[in-house]
Amino acid sequence: MPSQRPVINKYLEIVVCSAMLCALLLSPFSQAADKVYRLKLAETWPTNYPILGETTKNMAALTESMSNGRLKITIDSRNKHKAPLGVFDMVKAGQYDIGHSASYYWKGKDANTLYFTTMPFGMTAVEQYGWFYHGDGQALMNEVYARHNILSFPGGNTGVQMGGWFQKEINSLEDVKGLKIRIPGFAGEIWSKLGAKPVNIPPGDLYTALERRTVDAVEWVGPSLDLRMGFHKIAPYYYTGWHEPSSELQFMVNKQKFEKLPADLQQILKTAMRTAAYDMYIQSHHASAENWDSMKKEFPNIQVKTFPEEVMTAMRRANDELLAEYAAKDPLAKRIQESQLEYQEKSRAWTDIADKAYLNSLFK
Ligand code: CA
């Protein structure tokens, strides 16, 4: 008789397992767990654009693997959707679920979107990440974007952007007068206040414009993305940055689409965006180091310059005037500016005796 017990146990095991399997398959939990969610992302960049385009692919791959295939994201670049600066409207309207772009492109739609990319004379990337993730940055960005049915998150940082490639040296404020420089946005307004003539030229025409001296200077990004543009072959002066110390891209998510996702997929999406954003910051640093090394080897006569003090002082004054104009028009703009300034002062006091002191102490 004892020899029959394993057979009965085996039979019971099968019955119990089948019942459990049926219960699992019929439960609403299992349906939710099996359901595949698909989201469409529109990016501002062309297909396979280095670093920026890798960030969206990285984010989508992380989302899919962390969700075990339950959340899939397809990416349309500007070549497909044809609206690089329409990403905000497309995400707002739900035509796309996610966007990857830069907040300062939307200044014309809502002036307060300006503050969430980078500010002239503002925070460095690590300081700004502190403001976003541990200070009031994310909450203030939420407040601005709530008006547009959009959730916005940091989307990857270029690090300090260079001041631009110049055909002639800038030694005084006099040299700035009438200077034709390609530089968009807020920084362009500052150059304009100093008497320069900022122009906007499509990226594909920039090399020729600089080579034929249609413009005297071109601001782009930094070695990470400048190398492929070839400016170093035709302009001798590479000025250091002041206007975009930490350009942060953004992921935008349509609010309703985000809320329809189960809680675990929402968390996975947020984690993937944060990881991809941070990875872009590191990759930008790496690519700039590699590319700067190549540029110097190929063109050892490139001269790195910093704008003279009188130009920097004038730019800072123009920046303060512009910020005051924006703050006077809108109490939310004033609150964001105050939050940034307060965070920057506190954070910079530490940066000064940490990173800055370390580098200065090397006397090299
Ligand atoms: Ca730039």
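The values are calculated or read from the model by the stated rules, or taken from the named source; none is laboratory data. The shown structure was predicted, so the numbers you read here are calculated from the model rather than taken from an experiment. No Cβ is skipped: glycine too gets one built from the backbone with ideal geometry, and neighbour counts run over all protein chains shown.
Number of residues in region 135-145 that are surrounded by fewer than 22 Cβ atoms within 10 Å (Cβ to Cβ) and touching a residue at least 40 places away in the same chain (Cβ under 8 Å) equals 4.
Within region 228-253, if we keep just the residues that are β-branched (Val, Ile, Thr) and in contact with a helix residue (DSSP H, G or I) (Cβ under 9 Å, 6 or more places away or on another chain), the residue that is farthest from the ligand (Cβ to nearest atom) turns out to be VAL253.
Evaluating ALA328 against the criteria (1) under 30 Å from ARG147 (Cα atoms); (2) among the small types (Gly, Ala, Ser); (3) surrounded by 12 or more Cβ atoms within 10 Å (Cβ to Cβ) leaves one unmet condition, (3). Of the residues making up region 145-170, those that are under 21 Å from TYR115 (Cβ atoms) and assigned to a strand (DSSP E or B) number 8. Across region 257-265, not a single residue is classified as among the hydrophobic types (A, V, I, L, M, F, W, C) and within 12 Å of the ligand (Cβ to nearest atom). Scan region 179-197 for residues that are in contact with a strand residue (DSSP E or B) (Cβ under 7 Å, 6 or more places away or on another chain) and either more than 12 Å from the ligand (Cβ to nearest atom) or β-branched (Val, Ile, Thr) (or both) and jot them down. Selection gives LEU179, LYS180, ILE181, ILE183, TRP191, SER192, ALA196, LYS197. Within region 16-46, the set of residues being at pLDDT 95 or above and either part of a helix (DSSP H, G or I) or in contact with an Asp or Glu (Cβ under 9 Å, 6 or more places away or on another chain) (or both) comprises ARG38, LEU39, LYS40, LEU41, ALA42, GLU43. Quick one: in region 201-254, which of the residues that are part of a loop (DSSP other than H, G, I, E, B) and among the basic types (Lys, Arg) is surrounded by the most Cβ atoms within 10 Å (Cβ to Cβ)? Restricting to residues being part of a loop (DSSP other than H, G, I, E, B) and among the basic types (Lys, Arg), the top hit is ARG213. Residues in region 298-310 that are part of a helix (DSSP H, G or I), out of contact with any Leu (no Cβ under 6 Å at 6 or more places or on another chain) and either β-branched (Val, Ile, Thr) or at pLDDT 95 or above (or both): GLU309 only.
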